[in-house]
Amino acid sequence: MKTVGVISFQGDFEKHLERSCALGMRAVPVRDTETAAQVDAIIIPGGESTTIGMLLQRFGMLDLIGGRIREGLPVLATCAGTILLAEEIIGSDQPRIGGLHVAVRRNAYGRQIESFEAEVAVSNSDWAGWQDGSVLGVFIRAPIIDSVSDDVTVILEFEGKPVMVRQGALLAATFHPELTADTRVHEYFFHTVAGFPRAT
Amino acid sequence: MSDTLWTERQKSTWRTKVGLAEMLKGGVIMDVTTAEQAKIAAEAGAQAVMALERVPADIRAQGGVARMSDPEMIQKIQKSVSIPVMAKCRIGHFVEAQILEALGVDFIDESEVLTPADVNYHVDKHGFSVPFVCGCRDLGEALRRIGEGAAMIRTKGEAGTGDVVEAVRHLRSVTDEIRRLGSLKPEQLMGAAKDLGAPYDLVVEVARTGKLPVPNFSAGGVATPADAALMMQLGAEAVFVGSGIFKSDDPAPRARAIVDAVANYENPAKLAEISRGLGQPMSGIAVAGMAESEKLSVRGW
């Protein structure tokens, strides 16, 4: 059985742990280098990207996870997680993992009172599951992906901007699939992006 | 609503309000009174700051009426950091809340630390776009505030004392009552709602799920990394630190240590390392010797 590690320093890691367990995965919180070195996939949750990045750095996990990503570790990142995974964070030199060839802008929709829910559109469908119904995006002080490199596929978009992208084993969303009942983003990550077998 | 067009942005929904509270789990929210303190807090790893004119220990010492902070000071803090900025309004003072919403603060704390404006009613929080956090001493108070629209609850503790005993009392009270509800039969829940003075539907939900419908944080008296980890081990999902940081000898390392302690709250070896050489914590006031009239936590109902 594959083990999914959820970075659990700060943010809504609990929702990702619950969702992963509900989909039949073995899910563990990641708070130390030993666990980070062993898991078969990592989820970087929403939260405050500066805080999570700082804690990953303090506890020696930035380089470790960065190295494992270069070796092909599957990663699902949501909201703050996407910021931490981005190669470029516009106007910020905060600690990050990097690896995803995109440029993001933090809090790009505005402060909390501008947070919103909206249906997002399927842009590039390499998975039939997206056609089962619309995808509701919950955007909370969300970042915007401003630009992507050629090796990045835009899967979901909203108002002409990418809101979920894939680059090999990396899947990154600017919204929060863990806050709605729709399990498709996690299923797509586990079974298509990471290639884990479905529980029987 | 049947005519909702989900292709358009639906702003300030209940899910986005509680969602922000979810994003603030596992971290530390620090009271700050200046932009410089806000920067120190952010650099230490605070996940949010609470902008206020005086920390609770000073409000206690100086007395007088404590009100919402000057908007200019809140805006300076908003400009100085990228993390969420919260601010306090007085209990029941919905115009202070309107002003804070107009300033674009990310969360409003309808707080007993300020002098209450209304002894009968709290703010109708459903009517606002910005989410609210409210204090509680027990489950009934928590559910009354959630019924009014609070998207986050914090146990009150006794602010400005540096004594964690009330924070522990209030959090244990909430978790014990939640556990008790779980053991009741359906026909007993209306009686429980009556005794708690809480909305019946929320009592039923808590009995079924075994937890509050919104995140539950801890506040009031946390002064050391060990205090913060204690509240986390007791079931708090994040910690507010008021006077404990900027009333201590050396705020920056203490701020960082409390952040690290919350991130590693179940790891005693790391907590030992984190707690070393931080200098004196705030001197504090023992709650046991305080008159009831000096307590801030008895404000609100």
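FYI, it's all coordinate maths here, none of it is from the lab. This one's a predicted model, so the numbers in the text were calculated from it and none came from an experiment. Please note: Cβ atoms are built from the backbone with ideal geometry, for glycine as well, and neighbour counts cover all protein chains shown.
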>> Whether any residue in region B:109-127 is among the basic types (K, R) and within 18 Å of B:T13 (Cα to Cα) is what I want to check.
In response: yes
> If A:A77 passes every condition in (1) surrounded by 19 or more Cβ atoms within 10 Å (Cβ to Cβ); (2) out of contact with any helix residue (DSSP H, G or I) (no Cβ under 7 Å at 6 or more places or on another chain); (3) among the small types (G, A, S) but one, which one does it miss?
Replying inline: (2)
>> Would you confirm, using the coordinates I've provided, whether A:I83 is β-branched (V, I, T) and surrounded by 21 or more Cβ atoms within 10 Å (Cβ to Cβ)?
In response: yes
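Please specify each residue of region B:88-117 satisfying the condition of being assigned to a helix (DSSP H, G or I) and within 14 Å of chain A (Cβ to nearest Cβ).
Hits for region B:88-117 are B:A97, B:Q98, B:I99, B:L100, B:E101, B:A102, B:L103.
Of all residues in region B:233-256, which are of a type in the set (A, V, I, L, M) and surrounded by fewer than 23 Cβ atoms within 10 Å (Cβ to Cβ)?
Across region B:233-256, the qualifying residues are B:L234, B:A252.
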> Inside region A:1-23, can you point out the residues that are away from chain B (no Cβ under 12 Å), of a type in the set (A, V, I, L, M) and either surrounded by 24 or more Cβ atoms within 10 Å (Cβ to Cβ) or in a loop (DSSP other than H, G, I, E, B) (or both)?
Replying inline: A:M1, A:V4, A:L23
> Under the condition of being surrounded by 18 or more Cβ atoms within 10 Å (Cβ to Cβ) and part of a loop (DSSP other than H, G, I, E, B), which residue from region B:257-277 is nearest to the other protein chains (Cβ to nearest Cβ)?
Replying inline: B:N264
> Residues of region A:123-140 being within 13 Å of chain B (Cβ to nearest Cβ) and either in contact with a Lys or Arg (Cβ under 7 Å, 6 or more places away or on another chain) or in a strand (DSSP E or B) (or both), which ones?
Replying inline: A:V135, A:L136, A:G137, A:V138, A:F139
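This table checks each residue for (1) acidic (D, E); (2) within 18 Å of A:R31 (Cα to Cα); (3) touching a residue at least 12 places away in the same chain (Cβ under 8 Å).
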| residue | (1), (2), (3) |
| --- | --- |
| B:Q233 | no, yes, yes |
| B:G244 | no, no, yes |
| B:K247 | no, no, yes |
| B:P251 | no, no, yes |
| B:R254 | no, no, yes |
| B:A263 | no, yes, yes |
| B:N267 | no, yes, no |
| B:I274 | no, yes, yes |
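How many of the residues making up region A:24-80 are β-branched (V, I, T) and either more than 14 Å from every other protein chain (Cβ to nearest Cβ) or assigned to a strand (DSSP E or B) (or both)? Working first, answer last.
Filtering region A:24-80 for residues β-branched (V, I, T) gives A:28, A:30, A:33, A:35, A:39, A:42-44, A:50-52, A:65, A:69, A:75, A:78.
Remaining after also requiring either more than 14 Å from every other protein chain (Cβ to nearest Cβ) or assigned to a strand (DSSP E or B) (or both): A:28, A:30, A:39, A:42-44, A:65, A:69, A:75, A:78.
Number of matching residues: 10.
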